[in-house]
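For reference, the structure discussed in these notes is given below.
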Amino acid sequence: MFIEPNPVRNPSQLRAGWIEVVCGSMFSGKTEELIRRLNRAKIARLRVEIFKPSIDTRYNETNIVSHNQNAIRSTPVQAAEEILLLAGNCDVVGIDEAQFFDTALVDVCVKLATAGKRVIVAGLDMDFLGKPFGSMPQLLAVAEYVTKVHAICVVCGDIASYSYRTAASTERVLLGETNAYEARCRRCYNLAEHTSPHAVEQHQSGSYEL
Ligand code: ZN
């Protein structure tokens, strides 16, 4: 369980900012953990702003909604740099579905933290072919705190860190189709990868992003 570091309360000092990353596969509870941290920051009377890429509109336009319907209001943005313009007045910046943002997101998060803000980023660490996703590897490198959350393998019940795509779609981004994926452990993911004609075709074509 992540426990928040004590922020500097002396107003004459610049509060030290930092970056937290919450990563994992689909169904691992990333967004629930992001919402938990943001709600605690609200209780601490910190000013909180939440952003998500406008590509992710699977439930509605203005809410981060996790799979358990524990919603929190958020602002959809087209490009990562918009966050710099919109987050000026807040103490804590939440960013969901970080893997879908452009590569400028890394610099944006560093600038926000350097300006004294707490930045909490949640995203998929791997795409459906098990490759590092978008800017997540860079974000993991520059973060002070990294939490990897896990799902449960639907095949064998072990800890799962892979998002296995069950649908035979070749779309690079397949949003809103949570039943097109399964959480799988490494062994069950690899067994399926080696036997699925769809997966082999995807590997050969080089289109490996979700
Ligand atoms: Zn398994």
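The values are calculated or read from the model by the stated rules, or taken from the named source; none is laboratory data. On a predicted model such as this, the values are computed, not experimentally measured, just so you know. For neighbour counting, all protein chains shown are included, and Cβ atoms are generated from backbone atoms with ideal geometry for every residue, glycine included. Surface accessibility is based on the protein's heavy atoms, side chains included, excluding ligands, DNA and RNA. Shrake-Rupley method; radii C 1.70, N 1.55, O 1.52, S 1.80 Å.
Go through (1) farther than 19 Å from Glu32 by Cβ; (2) touching a strand residue (DSSP E or B) at 6+ places or on another chain (Cβ under 6 Å) one by one and return the number of the condition Leu191 breaks.
(2)
Matching residues to (1) open to solvent by 50 Å² or more (accessible area, probe 1.4 Å); (2) under 25 Å from Asn39 (Cβ atoms):
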site: Gln78; (1), (2): yes, no
site: Asn89; (1), (2): yes, yes
site: Gly116; (1), (2): no, yes
site: Asp127; (1), (2): no, no
site: Gly130; (1), (2): no, no
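In this structure, is Ala168 modelled with pLDDT of 95 or more and among the small types (Gly, Ala, Ser)?
In short, no.
Could you tell me which residue of the stretch 174-203 is surrounded by the most Cβ atoms within 10 Å (Cβ to Cβ), considering only residues that are away from the ligand (no atom under 14 Å from the Cβ) and modelled with pLDDT of 65 or more?
Tyr181
Looking only at the stretch 128-148, decide whether some residue is closer than 18 Å to Ile50 by Cβ and without any contact (Cβ under 8 Å) to a residue 12 or more places away in the chain.
There is no residue in the stretch 128-148 that is closer than 18 Å to Ile50 by Cβ and without any contact (Cβ under 8 Å) to a residue 12 or more places away in the chain.
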